[in-house]
Every structure is written in structure tokens, then in C-alpha cells.
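Below: one structure, written as C-alpha cells.
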Amino acid sequence: MMLRVEQGKGRKDRHAMLSSTLLELLRDWYRIARPQGWLFPGQNPANPMTTRQLTRACHAAAHMAEIAKRVTPHTLRHSFATHLLEQNIDIRVIQVYLGTPSSTPRRFTPASPPTPSTR
């Protein structure tokens, strides 16, 4: 499933992948929280969550998961692209998944050594 993200970085609308597992978690959260405006409201519920709040949420989740490395939303994006590359997904498909124009440089490269099955 694809999720539409409006007014993201650079005030651009993008699409992002949404797994069925995450969709179910979001539905459960929505049933409990019943947000009145934004799915992820900021401190003032009339406004969306800020970039700073999202970054803090990433840091808190990494801390709870006992991940010592620095984690940011961009780290998650980079890791997602890297995993797709390691599964031999075409770079142009990854660019579509990430909402990246084809003219953008190919920055996402595998960070881990190739496994015997990918050589």
C-alpha cells in the first residue's frame, strides 16, 4: 500500500510504502487515540508534528530498542534503500519508492559487504 505524504521535505507531496503490519498498528492506534485533525498532531493539536518532534521520537525509539548508534528519520530512509539494493531491487524502482526524482544522485549504496548469494 502507498501512503500519501503531503507537504513533506521541501514542501513536496510524496508517496511512501506502508506495510500491512504497520497499517494494522496505525488503525489500532487511531481507534484508541481518535485524533481530531492530524494523524500525528504536534504539541498544539491544530498543527502537525514538527520535524524536531519526529527526530526526538526516532531517538526515543532507538533508545528503547537499545540501539546505541544515532538514529534519525534520514537514517531509516537510508537503511530502507540499502536493504532494497541488497535485495537487487533496481535503483529506479527504489527512487520511485522513496519519491526521489530520477535526476537526484544515487546516494544510497550498500553499507554492508555483499553476501555470497548477491555476488
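Any read-out appearing in this document is the output of simple, stated calculations on the displayed coordinates, not a laboratory observation. Just so it is clear, the structure is predicted and the values come from calculations on it, not from any experiment. Reconstructed Cβ throughout: ideal geometry from the backbone, glycine too, with neighbour counts over all protein chains shown.
Some observations on this one:
- The GluC sites (Glu not before Pro) of the range 1-90 meeting both criteria, a DSSP state outside H, G, I, E and B (loop) and at most 11 other C-beta atoms within 10 angstrom of the site's C-beta, are GLU6, GLU66.
- For the pair MET64 and TYR97, label points projected 7 Å from Cα toward Cβ lie 2.5 nm apart.
- Backbone N under 17 Å from the THR72 label point (7 Å along Cα→Cβ), restricted to the range 38-57: 50-57
- Three-way shape call for the range 1-82 based on the alpha-carbon gyration tensor, with the a/c threshold at 1.5: rounded
- Efficiency of FRET between LEU25 and THR51 - r from beta-carbon atoms, R0 22 angstrom, step 0.05: 0.50
- Overall, the anisotropy analysis places the range 1-49 in the oblate class: the square-rooted eigenvalues a ≥ b ≥ c of its C-alpha gyration tensor yield a/c not less than 1.5, with a/b not exceeding b/c.
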